[in-house]
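Participant: Pasting a structure here, questions to come.
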Amino acid sequence: MLEMQAVKTLDLKMYINGEWTNSSDNKTREVFNPATGEVIAYAAEGTVEDARAAIAAAKEAFESGVWSDLPTVERAAYLLKIADKIDEKAEELAALETMNNGKPLREAGFDMGDAAACFRYYAGMITQPDGETYHVADPMQAMVVREPAGVCGLIVPWNFPMLMSVWKIAPALAAGNTVVFKPSEVTPVTPTKLIEIIEEAGVPKGVINMVHGAGPVVGNEIASHKDVDMVSFTGGTKTGKHIMKTAADTMKKVSLELGGKSPNIIFADADFEVAVDYALFGIYCGSGQVCSAGSRILVEESIYDKFIERFTERAKQIQVGNGADPETEMGPLVSQQHMEKVLSYIEIGKEEGARLLFGGERLTENGMDKGFFVAPTAFADTTQEMRIVQEEIFGPVVAIQKFKDEAEAIRLANDTDYGLAGAVFTIDGAKALRVIKKLRAGITWINSYHPTYNEAPWGGYKQSGIGRSLGTYGLDEFQEIKQININLEVEPVGWFKN
Ligand code: NAD
């Protein structure tokens, strides 16, 4: 922790056409450590002009073929080099992630491991055979090839600053695209370090460009500019809708990874301690600032009281504090503004008549008053029409409800506008699969919560998004599909007589 405090204030520039640059109007934005409230960095505050310069650089690099025409083994070699460099710097990167986002070091460490693995995964995938051929009716051979989408605009949130960047940059680069990347203005530290690593790995200038700054300025320019061929966005559903509308004017391909209000369904026959353990992990890991968080717990009536008792007992023991302290199990919220939003939802829950089981307040003891800490919080006896059941809070606040039978569990689970994730706990395998198959959600678990794999597609149903990250599907998002028809008998078509 002492080492963390000794880190100097960072100067975070943007990266456009292979140059580190200040904003065109020389403005900067303060970047905070949410555990201490201290300013840890000043980031260049990008302008529309900066976004346009980055888009022009990406377009020129794409058209030059410097990246898209490279043999895939060569592109893969760059990705492998980036992965190795992330591994070499993993400890430093994790410490910076903790300092900027607030997540405990242990969580940040996992993110760095996953980030390196994601680059390796796509390095492997891009060198695999792809494309198809078809025997068609005419003396013709039809084939299908995959091509890069072009200039990709990548816009990411603050909750996994490194990992969300990598989930987009790795497949976008693997597919041969050039990139204009906008990290969250709240957490630009590790994304900037990632771009330094990509530069060190020797990726040609113009292939990757990064512009810091506000969503409505830089993000909006990326989503609306005609020379951006596709936009891949992760963030809130409201912003996602705005991006989709903005992108419509230039008919961009969009990929949207949005919010959630995911149900965690616990049947009476589940292994009780395992279910309680994962329910805690599902909501309080990342201080609940995880898109797939199990923020609604649905418990079968016969074990409802017992569950609440044990869940409360365990939750009260969670060690909240500065994520840089190895003893810390749950860190702060990412910013003062976000903390205020979460606290306001807690007030809404009380006004709606939900039963506050524990927490429900800002934590200020042991120096936490300088940071943005909210206690692990749970409401019981919540009902479907409550806002705390319907809306994404994105904090350590869970709504617990009881259900009578399988049919009611499914009905309650699906009764929100979201459809990102969900889990079922039961020892009855057939029941588990029946319920999971009825869940309108893209990411699901049986007797588990949260694990994510590079191999498996990540994304939501309903208002949780469009498209998928990771896996082969994650590469598809960054590719166009072209059919090529080859005439095997080169003779006039003879349609017109003369
Ligand atoms: P946000 O929507 O406020 O911001 C996300 C990004 O969009 C930021 O870079 C922001 O600057 C930019 N942005 C904001 N307004 C914009 C605009 N008008 N045009 C273009 N870009 C704009 O989200 P956040 O608060 O940073 O992140 C939290 C949200 O992200 C939660 O809703 C969470 O569920 C979601 N999320 C989803 C996933 C997923 O995989 N589905 C993963 C992580 C986070």
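The values are calculated or read from the model by the stated rules, or taken from the named source; none is laboratory data. None of these values were measured; they are calculated from a predicted model. Glycine also receives a Cβ, built like all others from the backbone with ideal geometry; neighbour counts cover every protein chain displayed. What goes into the accessible areas is simple: the full protein's heavy atoms, side chains included, and nothing from ligands, DNA or RNA. Shrake-Rupley method; radii C 1.70, N 1.55, O 1.52, S 1.80 Å.
Participant: Which percentage, to the nearest 5, of the DSSP beta bridges contained in region 263-446 is antiparallel?
Facilitator: Here the antiparallel bridges make up roughly 15 percent for region 263-446.
Participant: Just want the answer: with Cβ charges of +1 for Lys and Arg and -1 for Asp and Glu, which residue in ALA174, ASN447, GLY459 is farthest toward the dipole's positive end in the chain?
Facilitator: Positive-most Cα among the choices belongs to GLY459.
Participant: Ignoring ligands, DNA and RNA, what percent of the accessible area of the chain is carbon or sulfur (1.4 Å)? Could you put the intermediate results ahead of the total?
Facilitator: Details: 10980 of 21340 Å².
So the carbon and sulfur contribution to the accessible surface is 51 percent.
Participant: Could I ask something else about it? Once each part is reduced to its C-alpha centroid, what is the distance from region 247-268 to region 47-122 in angstrom?
Facilitator: Computed from Cα coordinates, the inter-centre distance equals 23 Å.
Participant: In debye, nearest 20, what is the charge dipole magnitude of the chain about its Cα centre with +1 on Lys and Arg Cβ and -1 on Asp and Glu Cβ, if you could check?
Facilitator: Here the chain has a charge dipole of around 860 debye.
Participant: Can you flag which of LYS8/LYS182; LYS241/LYS438; LYS103/LYS437; LYS89/LYS482 are past 28 Å Cα-Cα? If you can, show how the numbers build up before the last one.
Facilitator: Details: LYS8/LYS182 24 Å; LYS241/LYS438 26 Å; LYS103/LYS437 33 Å; LYS89/LYS482 40 Å.
Those over the limit are LYS103/LYS437; LYS89/LYS482.
Participant: Mind checking the per residue accessible area of region 130-229 for me, 1.4 Å probe, whole number of Å²?
Facilitator: Value returned for region 130-229: 28 Å² of accessible area per residue.
Participant: Angle check, please: helix 72-88 long axis (alpha carbons) against the longest principal axis of the chain (alpha carbons), in degrees 0 to 90, nearest 10.
Facilitator: Around 30 degrees separate the two axes.
Participant: Continuing with this model, one more query. Got a sec? Which residues in region 114-135 would a label at VAL145 touch, if it sits 7 Å along Cα→Cβ and we count backbone N under 19 Å?
Facilitator: Zone members listed by number: 126-135.
Participant: Quick check on the chain: take the gyration tensor over C-alpha atoms, sort the square-rooted eigenvalues as a ≥ b ≥ c, and tell me if it's rounded (a/c under 1.5), prolate or oblate.
Facilitator: oblate
Participant: Taking the Cα centre of region 216-349 as origin, work out the dipole magnitude from +1 charges on Lys and Arg Cβ and -1 charges on Asp and Glu Cβ, in debye rounded to 20.
Facilitator: Approximately 740 debye in magnitude.
Participant: Same structure, new question: GLU49 to LYS497: extension gain in nm, 0.36 nm per residue of separation minus the Cα-Cα distance?
Facilitator: Residue separation times 0.36 nm, minus the Cα-Cα distance, leaves 155.6 nm.
Participant: Which angle between 0 and 90 degrees, to the nearest 10, do you get for helix 304-315 versus the longest principal axis of the chain when only C-alpha atoms count?
Facilitator: The answer is roughly 80 degrees.
Participant: To the nearest 20 Debye, how big is the dipole of region 263-446 about its Cα centre, given +1 on the beta carbon of each Lys and Arg and -1 on that of each Asp and Glu?
Facilitator: Charge dipole of region 263-446: 400 debye, to the nearest 20.
Participant: Quick one: length gained pulling ILE486 to ILE318 fully straight, 0.36 nm per residue minus the C-alpha distance?
Facilitator: Working: separation 168, 0.36 × 168 = 60.48 nm, distance 6.47 nm.
My answer for the length gained is 54.0 nm.
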